[in-house]
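Have a look at the structure below, then the notes.
The values are calculated or read from the model by the stated rules, or taken from the named source; none is laboratory data. Note that this is a predicted model, so its numbers are computed, not measured. All Cβ positions, even for glycine, are placed from backbone atoms using ideal geometry, and neighbour counts span all protein chains on display.
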Amino acid sequence: MILLTIREAVLRGTLVFYFAVGNIIILFLAYALDVSPENPSMITFFGNPILPKNIGDTNPVDFVLIQLQRSSASSILLFGVFAVAGLIPSMLEKGTVELYLSKPLSRTTLLLSRAVGASAGVALNLIYFAVGIWLVFGIKLSIWHGGFLLSFLFVCIAFLFYFSIVTFVGIVTKSAGFSIMFAFVYTFFSSALESRTKFLYQIWNNDIYRTTLDVLYYITPQLSAMLDNSSRVIGKMPFPPEQLAQTFDILPFVYSLLSSAAIYALASYQFAKQDF
Amino acid sequence: MNIVETSGLSKTYRSGLFKRSIVHALTEVSLSVRKGEIFGLLGPNGAGKTTFVKILLSIVHPTQGEATVAGEKLGSPSIRERSGYLPENHRYPAFLTGLQTLIFFGSLNGMRGKALADRAHQLLELVGLQDWKKVKIKRYSKGMLQRLGLAQALLNDPDLLFLDEPTDGVDPVGRKEIRDLLTSLRNQDKTIFLNSHLLSEVEMISDRVAILNKGKVLKIGTIAELTSKQIEYELLLDRSLDDSIIEKLRPHLLSLNVEGKKLVIAVETNVELNTSIDILRSKGILIESMAQKRTTLEDSFIDLIQREATS
Ligand SMILES: Nc1ncnc2c1ncn2[C@@H]1O[C@H](COP(=O)(O)OP(=O)(O)O)[C@@H](O)[C@H]1O
Ligand SMILES: [Mg+2]
């Protein structure tokens, strides 16, 4: 079931498209990046050294890798969710769902393997891209940075947790359009909640409102916190300078594990109750 | 032993905004299917046939009532392990070939490796799709999909086969092939549960049938029990009959109907038919043509549904 889900995702074309784009970016970077002949810890881009400013005590190589990781992880994640959000509703289509449900597998197994398959499809893209960049850095620049690879592992885990939301919406609405839309809205929602002290708190000075925001933050997968922390696997976060946490924190992953487990359980419960 | 046993099974669908639209799809359906028979569930569209099968396979949850399948309570995964199901309007992932489809659904049945591949090839041959097994199923016709669906339902070598409108979209030759296949499966001691609105199809192969209308079972029995026992003949004569001849015929017949030169009679056996012919011939009447009018399941079905509607 997991394998078929990946295959279905591939055959729908979108994942293949991202895969191709990923390849082009890797090749482009392989061509453009080099190290400065004078200073081996200085990376050059088309011969121009990259001289990051205001990065505190962050290693410049780490800085470049963090930038790359942040932009690629968030874009693959976002586009990946577009590519696979429809996989849950497509399992529930009339004429197909009956076939799945007539098999001895439990509905929970069906649903979870579908979600894991969808996440694995995106994870394959992520890991392929990560290994590509990692090899470019290793072979061309002789920078073998294990943390860079590891950080993508955390991104994959973050995606699986994040996908619980998409799964739940897919089960309830049975609509691919809704699932994609909601996934998109949720990414904004998650970063807004993450920085709620700076923005959402200011909208309304009310304790109940603020507590509600806090509760929401903890009961939903903390996508944006997880992504930030996956970057911190590479090295110290240089930005924003006033931000306290510069080093990796596992807690958002723990909270998200719990909340996404609860959301997956809720989705399974809904699925088990439904008639088809 | 009964392989399917339901008692008072009811299903009310609630849908729409705030679940306000209510459909009573099944009302107190109690019936039993014996092991090794072909059982036909007959009824017009919307009668609740599909709902009934889906309840047995736990695709739909009943609102009320109980059922056992192969001795197991509803919801038990072992029911689905031992059953095969051909849903109506089934749709397979269109990007797979026929063979891949069988391999995929077989793996959901818990089958693996060479045993599964062999079984898939064997079934494709059985349903006559061996030349199409490497073709993507988006290129299959309706009839071919139906055959593939049948192969899919047989993957796990089920004891009990649920077929929902199996001959839908299949051409007459294909229909005959499917009927032959079902008969041969019955001979292998499989039980077949057949949903159909095509009475003549069901009539040809079912051992017993139930007639369902608007969610209620109107009648259960063998085809012979459900169709009336009398035989009707329609005779065309060279002149209209006068009353004295009609009175002579009447004692030998179950019923008699005259329309000008046309005479329709119902008899129990052909002895009474021949007596009637003798009477007509002795009066010098010429018989120009004679045809047997069989009462089919369809007649008694329509009769039942109409009686239900007027009462
Ligand atoms: N999922 C559903 N939600 C609401 N109503 C349904 C659903 N499935 C079937 N129905 C209704 O239940 C009735 C019986 O349908 P069905 O079991 O498909 O009948 P049949 O198979 O005999 O044509 C119909 O009126 C149909 O509209
Ligand atoms: Mg039906």
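Before moving on, here are some points about what is shown:
- Within region B:37-61, being crowded, with 24+ Cβ neighbours inside 10 Å and more than 16 Å from the chain's Cα centre (by Cα) holds for B:K54, B:I55, B:L56.
- Residue check, B:S184 in a loop (DSSP other than H, G, I, E, B) and either away from ligand 2 (no atom under 16 Å from the Cβ) or touching a Ser or Thr at 6+ places or on another chain (Cβ under 9 Å) (or both): no
- Unique match (being touching a Lys or Arg at 6+ places or on another chain (Cβ under 6 Å) and more than 16 Å from ligand 2 (Cβ to nearest atom)) among B:P62, B:P77: B:P62
- Residue that is farthest from A:N229 (Cα to Cα), among those in region A:173-203 that are free of Cβ contacts under 8 Å to residues at least 40 places away in the same chain and among the hydroxyl-bearing types (S, T, Y): A:Y201
Every residue, every condition in (1) crowded, with 17+ Cβ neighbours inside 10 Å; (2) within 21 Å of A:S102 (Cα to Cα); (3) in the same structural domain as B:E37 (by TED's automatic domain parsing), yes or no:
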position: B:S107; (1), (2), (3): yes, yes, yes
position: B:R119; (1), (2), (3): yes, yes, yes
position: B:Q122; (1), (2), (3): no, no, yes
position: B:D131; (1), (2), (3): no, no, yes
position: B:I137; (1), (2), (3): yes, yes, yes
position: B:G143; (1), (2), (3): yes, no, yes
position: B:F162; (1), (2), (3): yes, yes, yes
position: B:T167; (1), (2), (3): yes, yes, yes
position: B:L185; (1), (2), (3): yes, yes, yes
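- Check on B:A25, within 16 Å of ligand 1 (Cβ to nearest atom) and either more than 24 Å from B:P166 (Cβ to Cβ) or assigned to a strand (DSSP E or B) (or both): yes
- Of all the listed residues (A:V131, A:V155, A:V136), the sole one being under 30 Å from A:V35 (Cα atoms) and either within 13 Å of the chain's Cα centre (by Cα) or within 14 Å of chain B (Cβ to nearest Cβ) (or both) is A:V155.
- Complete set of residues in region A:182-212 that are surrounded by 15 or more Cβ atoms within 10 Å (Cβ to Cβ) and aliphatic (A, V, I, L, M): A:A183, A:A192, A:L193, A:L200
- In region B:66-83, the residue that is nearest to the chain's Cα centre (by Cα) out of those that are facing chain A (nearest Cβ under 8 Å) and buried (at least 17 other Cβ atoms within 10 Å of the Cβ) is B:S83.
- Failed item in (1) farther than 19 Å from B:H197 by Cβ; (2) within 10 Å of chain A (Cβ to nearest Cβ); (3) buried (at least 17 other Cβ atoms within 10 Å of the Cβ), with B:L9 passing the rest: (2)
- Among residues of region A:93-109 that are free of Cβ contacts under 8 Å to residues at least 12 places away in the same chain and at the interface with chain B (Cβ under 7 Å from one of its Cβ atoms), those with a Cβ under 7 angstrom from a residue that is surrounded by fewer than 17 Cβ atoms within 10 Å (Cβ to Cβ) and among the polar types (S, T, N, Q), sequence gap 6+ or separate chain, pair up as A:G95/B:N89.
- Single residue of region B:111-140 satisfying the filter (in a loop (DSSP other than H, G, I, E, B) and in contact (Cβ under 8 Å) with a residue 24 or more places away in the chain) that is nearest to the other protein chains (Cβ to nearest Cβ): B:M111
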